[in-house]
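These notes concern the structure reproduced below.
Bear in mind that the values in this text are calculations on the coordinates, not laboratory data. Owing to the predicted nature of the structure, the values given are computational and were not obtained by experimental measurement. Quick reminder, even Gly has a Cβ in these numbers, built from the backbone with ideal geometry, and neighbours come from all protein chains shown.
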Amino acid sequence: MDNLMRFQTIWAKRIMLLTFTALVLFISMKVWGIDSLEPMSRAFLWLIACLPLILFLPGLVRGNWKTCLWLCFVLLLYFSIIVTHLFMPGASTVNWLQLIALLLLFVSAMMFSRWRQQELKPSGPTP
């Protein structure tokens, strides 16, 4: 059972990091694709859009399950913004890609956190 749990945790972490990268990439594509803004304005907007996610990166790479839980809470805000953009006229394919990456990131972070907690739980009776 321990090997299966370890295998699940490793794959959940890989998927989490991959979809995290994809989400930041898709958000970047959307921000840098705004032609009506000057480059400095785009850079500032990108910083506002991506900085909350990038702050979680060190904890995700280390595999900290608490960081994954907090990321899930922050992703709820991103979810509401992305879904709002999907219902606006002129929604692009990038919006759909953002939603798919966000959902995969949310599920993989949630499952990684759960499985990692079970791995770290001491086995055997506690006094």
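As a proxy for reagent exposure, Val24, Val107 were ordered by neighbouring Cβ count within 10 angstrom, fewest first; the result is Val107, Val24. Based on alpha carbons, the Rg and Dmax found for the range 10-49 are 13.1, 42 Å. Here the residues Trp11, Trp65, ranked from fewest to most Cβ neighbours within 10 Å of their Cβ, fall in the order Trp11, Trp65.
Extending 7 Å from the Cα toward the beta-carbon at both Leu55 and Arg114 defines two label points whose distance is 2.7 nm. Computed from these coordinates, which is Rg/Rh (Cα atoms, Kirkwood Rh): (1) 0.97; (2) 1.26; (3) 1.08? Read-out from the structure maps to (3). Counting every other Cβ atom within 10 Å of each residue's Cβ, Asp2, Asp35 order from fewest to most as Asp35, Asp2. Taking a sphere under 15 Å around the Cβ of Trp70 and counting the other residues whose Cβ falls inside, with K and R at +1 and D and E at -1, yields a net charge of +4. Screening the chain for DSSP H helices whose Cα atoms reach 20 Å or more along their own axis and whose mean Kyte hydropathy is at least 1.0 gives 39-54, 65-86. Dividing the helix sum by the residues of the chain, where each DSSP H run of 4 or more adds -39500 (n - 2.57), gives a mean residue ellipticity at 222 nm of -28000 deg cm²/dmol.
Once the Cα-Cα distance is subtracted from the 0.36 nm per residue extended length, the Leu47 to Ser80 segment shows a gain of 10.0 nm.
Simple spin-label estimate for Met5 and Leu18 gives 2.5 nm between the two label positions (7 Å along the Cα-to-Cβ direction from each Cα).
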